[in-house]
1. For a quick check, take a GNM of the chain with Cα springs below 10 Å and name the residue from Glu353, Glu191, Glu216 with the largest mean-square fluctuation.
2. With a probe of 1.4 Å, find how much accessible area the chain has per residue, and write the answer as a whole number in Å².
3. What length, rounded to one decimal in nm, is gained on full extension from Ile364 through to Arg144, with 0.36 nm per residue of separation minus their alpha-carbon distance?
4. On a 1.4 Å probe surface of the protein chains, which of Lys265, Lys312 comes out largest in accessible area, and what is the full order?
5. Per residue of the chain, what 222 nm ellipticity follows from adding -39500 (n - 2.57) for every DSSP H run with n ≥ 4, rounded to the nearest 500?
6. Going by average Cβ density within 10 Å per residue, which order do the peptides 59-66, 123-130 take, highest to lowest?
7. For the chain, what proportion of DSSP beta bridges, expressed in % and rounded to the nearest 5, is antiparallel?
8. Which part of segment 416-441 falls in the paramagnetic zone of Ser384, meaning amide N under 20 Å from the point 7 Å along Cα-to-beta-carbon?
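The values are calculated or read from the model by the stated rules, or taken from the named source; none is laboratory data. On a predicted model such as this, the values are computed, not experimentally measured, just so you know. FYI the Cβ positions are ideal-geometry reconstructions off the backbone, even for glycines, and counts take in every protein chain you see. To get the accessible areas, we keep the full protein, side chains included, count just its heavy atoms, and leave off ligands, DNA and RNA. Shrake-Rupley method; radii C 1.70, N 1.55, O 1.52, S 1.80 Å.
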Amino acid sequence: MKNSAKKFPLSQKYIDFINSTKNVTADFLEGTTASGKTTVGAGVKFMRMVSASPKKLHIIASKTTGTAEKNIIQQDNGILDLHLNAKYYGNGDKDNKLPHIKFENKIIYVLGYDNKDKWQNVLGSQFGCVYIDEINTADIDFVREISTRNDYLMATLNPDDPSLPVYKEFVNRSRPYKKYAKDVPKEIMSELTEEPVPNWRYWFFSFNDNLSLTPEAIEKKKLAAPKGTKLYKNKILGLRGRATGLVFNLEDKNIITLAKAKTFKFERFSAALDTSYSSSSPDTIAFTFTGITADRKCVVLDELVYNNADLKIPISPSDMPKIFVEFLEKNRSLWGFARDVYIDSADSATITECRKYKRLSGCIYNFIPAFKQTKIIDRIHLQSAWLASGDFLILEHCKNYIAELNIYSWQENKYAPEDGHDHCINSCQYAWLPYKTMIGSVTLEKT
């Protein structure tokens, strides 16, 4: 590939991405905004694959040809900036009526997948390389059709509704290289479980992979998206989420320091446990310890989270009594005594083990099945009101609980939250549910 114009700094991950050209028939690039996916993906690796391809015809597809021109071809560090020998014919020419790029004796058609009549006219041929910009917004019929007509496919996507067919049929059938699997958020890795296609590769890129961004520029982008919104979840965290948005609106006022919490007068302490013993998912075993103050605030004071997928020796129900009691004793020393503690009522195995432990050891804690008479939607109503009024607070070190609140989303077209990203949330609810009438500025009349 000759006559490249500009150079810009590349992270080691991007260097490895560009150089992974053997035994790769598809690359799927997902991640945060401003991570460099389009610049490096389309402008560098895709053009390298076109250069190496024996075929003459190739495709760049975006929502419209105008979008492709603005975001891929003509922008700063776009294809024309990076490749001086690439010429763009936006209105076609005498030999090719469709918009196209001429590059090293190759033709790269530029298509808009919003217009079925136009892209159907092109897809009678076989192509060397195909680039699909924001494949999550593409016409799924176009993606299905073009996927069988190329030697190499590259697609970028911004995190979107994980129920979209493009995930099940394409993206979730790719796999990351082992070297970079740790960079993929657990929430996304748990979805990369469809039957894999050999040589389909998955890449997750974040702000930190774009070496052109200064720390100040990264911080500015983070501040531009309000926490607790779908925009923040998708663009800043790079997590998939439904268009209906987040369940909770977590604000800075809800997160406090340990020193601040030490100034409160607590009337009651409680603790709870929600479990998932799976070794093949991001689901967690979550402990929470909470306090209720004299002025009716609920404060999440501590958390402890395990994921069996991360452990060489997975935790089982028989291990839980010792772990739970150690967690309770630690917080008794720091805060106070929570005599009654709660365990997910659906987890009979853990409840049985904890009660057995109490009988045999004379343990001072009462292990009680969680009260679930209050429906999930009503719990959300209560907690949302407490968050808004400043009556629900979280110590800043409870990172897992804070992270869950920032990604917990509503189901599409249902007045119910998603069944996931909720183990700390559930654990905390089990802890405060028996004492809900003690929380909040307005006293509840009914229990």
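1. Residue with maximal mean-square fluctuation among Glu353, Glu191, Glu216: Glu216.
2. Details: 20570 Å² over 447 residues.
On a per-residue basis, the chain sits at 46 Å².
3. Values: separation 220, 0.36 × 220 = 79.20 nm, distance 6.12 nm.
Gain on stretching Ile364 to Arg144: 73.1 nm.
4. Details: Lys265 140, Lys312 205 Å².
Highest to lowest solvent-accessible surface, that is Lys312, Lys265.
5. Values: 16 runs with 123 residues, N = 447.
After summing the helix terms and dividing by the residues of the chain, the value is -7000 deg cm²/dmol.
6. Values: 59-66: 21.1, 123-130: 17.0.
Descending packing order for the listed peptides: 59-66, 123-130.
7. Working: 26 of 64 bridges.
Counting DSSP beta bridges with both partners in the chain, the antiparallel share is about 40 percent.
8. Inside the label zone: 416-430, 432-433, 436-437, 439-441.
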